[in-house]
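Notes to accompany the following structure.
The values are calculated or read from the model by the stated rules, or taken from the named source; none is laboratory data. Nothing here was measured: the structure is a model prediction, and the numbers come from that model. Ideal geometry is used to build each Cβ from the backbone, glycine not excepted, and the neighbour counts take in all protein chains shown.
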Amino acid sequence: MIELLFEFGEEVILVVVDGSDAKFGSTTYGAQLADISGLRLNYNGVCKSFPDLKDSPDWEQEAASRFKDHMKSLKNEDERCDYIIRELEGCGYKAKVKRRSGFRPTPL
């Protein structure tokens, strides 16, 4: 299990990668973690990544499904973390800390 901490303005985002699963949490919503299906996705961001979902009525569910499939296709937790860091940094989030279970946190 690997935990990632991000900052977005004054908000702190926690991402927990456990195997091929990723859970997301925010200081805005308290200490709750949710998978990608529990998040409100940005329509413009989804359409930028997946132009074929532009006119789809169930674009959110399809985008979440594609994210889960992509996470499963990556080889290990480190690759999954690198993917999440790249994607979130592209949206303005700043990666701060990476902590592998049983190890000290590593600044990013």
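Some points to look at:
- When residues of segment 93-108 are limited to those that are at pLDDT 95 or above and under 20 Å from Gly9 (Cβ atoms), the one surrounded by the most Cβ atoms within 10 Å (Cβ to Cβ): Ala95
- Cβ-Cβ contacts under 7 Å between residues 6 or more apart (or on different chains), taken from a first residue in segment 9-35 that is free of Cβ contacts under 8 Å to residues at least 12 places away in the same chain to a second residue that is not in a loop (DSSP other than H, G, I, E, B) and not small (Gly, Ala, Ser), are listed as Ala34/Lys23; Ala34/Phe24.
- Scan of segment 45-97 for residues that are in a loop (DSSP other than H, G, I, E, B), farther than 23 Å from Glu7 by Cα and not small (Gly, Ala, Ser), ordered by number: Phe50, Lys54, Asp55, Pro57, Asp58, Leu74, Lys75, Asn76
- Within segment 76-92, the residues that satisfy the criterion of being surrounded by 12 or more Cβ atoms within 10 Å (Cβ to Cβ) and in contact (Cβ under 8 Å) with a residue 40 or more places away in the chain are Glu77, Asp78, Arg80, Cys81, Ile84, Ile85, Leu88.
- Out of Asp82, Asp55, one residue alone is out of contact with any helix residue (DSSP H, G or I) (no Cβ under 6 Å at 6 or more places or on another chain) and more than 19 Å from Ile13 (Cβ to Cβ). It is Asp55.
- Every condition in (1) under 19 Å from Glu3 (Cα atoms); (2) modelled with pLDDT under 95; (3) surrounded by 11 or more Cβ atoms within 10 Å (Cβ to Cβ) holds for Gly30 except the one numbered (3).
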